[in-house]
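Trainee: Take this structure, written in structure tokens, and hold onto it; I'll ask about it next.
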Amino acid sequence: VVLRPASGSRQQDAPGAADGLALASDPGGTLNFLAMVENLQGDSGRGYYLEMLIGTPPQALNILVDTGSSNFAVAGVPDPDVTSYFNPELSSTYRSQGIEVTVKYSQGSWTGVLGTDVITMPKGLYGSYTINIATILESENFFLPGVKWHGILGLAYDALAKPSSSVETFFDSLVRQAEIPNIFSLQMCGAGLPVSGSGTNGGSLVLGGIEPSLYTGDIWYTPIKEEWYYQVEILKLEVGGQNLELDCREYNADKAIVDSGTTLLRLPEKVFSAVVQAIARTSLIQEFSSGFWTGSQLACWDRTEKPWSLFPKISIYLRDENSSRSFRISILPQLYIQPILVIGDNLQCYRFGISSSTNALVIGATVMEGFYVIFDRAQRRVGFAVSPCAEADGAPVSEIEGPFTTADVASNCVSSISFHEPALWIASYALMSLCGIILLVLIVLLLIPPRCQHRYTDNDVVNDESSLVRHRWK
């Protein structure tokens, strides 16, 4: 094995003809989900995107599908890193709300103005719908060189919407206006393929239901623990069939979410360290540079070799809807040892598709590319089924098995304290009140009128290191 520096490939923190559909209100009473099959393009390195027509006359843009955020936002001015943008002045149906919105990530941000306009989807629901849309006027490290999308479609809950949860999300608007079921499903077909950014890998975003042709076997459901991100409960991890033997709360520190806007499987630091040690123990490579595990180096093999046989499979156990049972989703090395770069005529280089996180376990594209994932908001659950496109060299690279007993794990593996934004707002307002009382006392006693200057607003930093803004190749 040859190790090469991964400089120039490090990741940043943070993000056709119309097909007819029979709507639920039609006499047939059904949706033609087949019209939405293969309506996505992209890959796990730069995200999967959907073509959308915005405004009157329509302007065509590619929109990133992100289940880890809740705003619908598009480039609203020219940007050197985007090939197209939405010009609201050219749309007769655009209505500005005059409200500025800023979304900040640990690295990367954008600022825009809220408005409304009509959208249609060439391979989506038939008809036009009026949607809240933020036109991005300024951004930093959000649009990066080589991305083929021009905006972001946040499909999480309104609790994450900016500047407040009163902004109706894109999918909530569709459910209300199109009268579709409150459920969508997602298939991303990049398993085992190079993370090239070519946009040639396919996928499907099915709005309003489940398409049977996109999965095999049974669908296994796990409850949504809280409706902000799609937060789930992880019970344990296995590497090569061996339990990591960690307290199950470590896997959910401080949350575990399913996020299509994350390229990698992200693990809390303690879990990440245990996984790397377990892979190193069970792999057939005796000595391996630490730079590969941390993402600073790529591992390169002769192009005639396939390194995947050297690594173990990884299994994630999720709590079943019946809380006394669990099921496991497993990914083979073809999903987490990812081809990136060809050097000369002989070497193929790979990255490690797992990274550490300070605030979440994130089931990102590294895992999701193995499955058809159902976001059943109506019944507050996330479903997983094996995806028929999750194959490499004709063999499946993902598995689902169950049920298993949960007698060996705690009855609740999720912290009782939720550190998401509503809780932060409450804490911040309490601190502001205390600050005001202290200032009043100081004013009276010292006759000096200092001001309490620290205020939290709805535009504060989103502490979401799972965003695709972090996990893009630069």
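The values are calculated or read from the model by the stated rules, or taken from the named source; none is laboratory data. Keep in mind that what you see is a predicted model, and the values were worked out from it rather than measured. With ideal geometry, Cβ positions are generated from the backbone for all residues, glycine too; neighbour counts draw on all protein chains shown. With ligands, DNA and RNA removed, areas are computed over all heavy atoms of the protein, side chains included. Shrake-Rupley method; radii C 1.70, N 1.55, O 1.52, S 1.80 Å.
Trainee: Which Cα, out of Thr222, Leu235, Ile180, lies furthest along the positive dipole direction of the stretch 164-311 (beta carbon charges, K/R +1, D/E -1)?
Mentor: Checked the options; the winner is Leu235.
Trainee: Between Asp408 and Asn182, take the C-beta separation as r, use R0 = 51 Å, and let me know the FRET efficiency to the nearest 0.05. Intermediate values should be presented prior to the final figure.
Mentor: Numbers: r = 35 Å, r/R0 = 0.68.
The calculated FRET efficiency here is 0.90.
Trainee: Let me ask something additional. Tell me, what is the 1.4 Å probe accessible area of Ser139, in Å² to the nearest 10?
Mentor: 50 Å²
Trainee: Right, next: Could you provide, to the nearest whole Å², the per residue accessible area of the stretch 42-180 with probe 1.4 Å? Don't skip to the end; give the middle numbers.
Mentor: Working: 4830 Å² over 139 residues.
I get 35 Å² per residue for this part.
Trainee: In sequence order, what are the phi-derived ³J(HN,Hα) couplings for the stretch 339-353 according to the Karplus relation 6.51 cos²θ - 1.76 cosθ + 1.60 with θ = phi - 60°, rounded to whole Hz, with x for glycine and proline?
Mentor: Coupling constants for the stretch 339-353: x, 10, 8, 10, 10, x, 9, 10, 9, 10, 10, 10, 10, 8, x Hz.
Trainee: Collect residues whose amide H, placed 1.01 Å from N in the peptide plane, falls under 5 Å from the amide H of Asn32; neighbours closer than 5 in sequence don't count.
Mentor: The list, which skips near neighbours in sequence, is Ala22.
Trainee: Let me ask another. Considering amide H positions built from the backbone, and no H for Pro or chain starts, which residues 5 or more places from Val232, or on another chain, come under 5 Å of its amide H?
Mentor: The list, which skips near neighbours in sequence, is Lys225, Ala256, Ile257, Val258.
Trainee: Looking at the square roots a ≥ b ≥ c of the eigenvalues of the Cα gyration tensor of the stretch 42-180, which shape do they give, rounded for a/c under 1.5, prolate if a/b is larger than b/c, or oblate? Each step should come with its number before you reach the end.
Mentor: Numbers: a/c = 1.25, a/b = 1.19, b/c = 1.05.
Rounded is the answer for the stretch 42-180, as its axis ratio a/c remains below 1.5.
Trainee: So, with a 1.4 angstrom probe, what is the percent of accessible area on the stretch 100-158 that is carbon and sulfur?
Mentor: Details: 810 of 1860 Å².
For the stretch 100-158, the apolar C and S fraction of the accessible surface comes to 44 percent.
Trainee: Heavy atoms only, 1.4 Å probe, whole protein assembly: order Phe288, Phe375 by accessible area, highest first. Display every interim value, and only then the final one.
Mentor: Details: Phe288 45, Phe375 0 Å².
Correct descending sequence by accessible area is Phe288, Phe375.
Trainee: Please report, in whole Å, how far the alpha carbons of the stretch 341-392 spread along each principal axis, starting with the longest.
Mentor: If we take the Cα atoms of the stretch 341-392, the spans are 52, 33, 10 Å.
Trainee: Of all beta bridges DSSP finds with both residues in the stretch 42-180, what is the antiparallel percent, to the nearest 5? Before the final figure, lay out each step's value.
Mentor: Values: 32 of 39 bridges.
Around 80 percent antiparallel, to the nearest 5.
Trainee: While we're here: Short version: what are the Cα gyration tensor semi-axes of the stretch 183-427, square root of 5 times each eigenvalue, largest first, in whole Å?
Mentor: Values: eigenvalues 164, 93, 60 Å².
Over the Cα atoms of the stretch 183-427, the ellipsoid semi-axes are 29, 22, 17 Å.
Trainee: Put a dot 7 Å past each Cα toward the Cβ at Asp393 and Arg380; how far apart are the dots in nm?
Mentor: Once both label points are built, they end up 4.6 nm from each other.
Trainee: In whole Hz and in residue order, list the ³J(HN,Hα) couplings for the stretch 315-323 that follow from phi through the Karplus curve 6.51 cos²θ - 1.76 cosθ + 1.60, θ = phi - 60°; x for Gly and Pro.
Mentor: 10, 10, 9, 10, 6, 6, 4, 7, 4
Trainee: Now for a separate question. Set the Förster distance to 56 Å, then compute FRET efficiency between Asp218 and Thr304 from the Cβ-Cβ distance, nearest 0.05. All intermediate terms of the calculation are to be shown ahead of the outcome.
Mentor: Details: r = 38 Å, r/R0 = 0.68.
The pair Asp218/Thr304 has a calculated efficiency of 0.90.
Trainee: Could I have the simple spin-label model distance between Asn322 and Ala280, label points 7 Å from Cα toward Cβ, reported in nm to one decimal?
Mentor: 4.1 nm
Trainee: Same structure, new question: How much of the accessible area of the stretch 183-427, in percent, comes from carbon and sulfur atoms when a 1.4 Å probe is used?
Mentor: Summing carbon and sulfur atoms, their accessible area is 49 percent of the total for the stretch 183-427.
Trainee: For the stretch 183-427, what is the accessible area per residue in Å², given a 1.4 Å probe and the full set of protein chains? Spell out each step's value before the answer.
Mentor: Working: 8920 Å² over 245 residues.
Value for the stretch 183-427: 36 Å² per residue.
Trainee: For Ser290 paired with Asn346, estimate the spin-label separation in nm (one decimal), with each label point 7 Å from Cα along the Cα-to-Cβ line.
Mentor: It is 3.1 nm.
Trainee: In whole Hz, with x marking every Gly and Pro, tabulate ³J(HN,Hα) for the stretch 137-153 from phi via Karplus 6.51 cos²θ - 1.76 cosθ + 1.60, θ = phi - 60°.
Mentor: These are the phi-based 3J(HN,Hα) values: 9, 9, 8, 9, 6, 9, 8, 10, x, x, 6, 10, 10, 10, x, 10, 10 Hz.
Trainee: How much accessible surface area, in Å² rounded to 10, belongs to the heavy atoms of Arg325 with a 1.4 Å probe?
Mentor: 90 Å²
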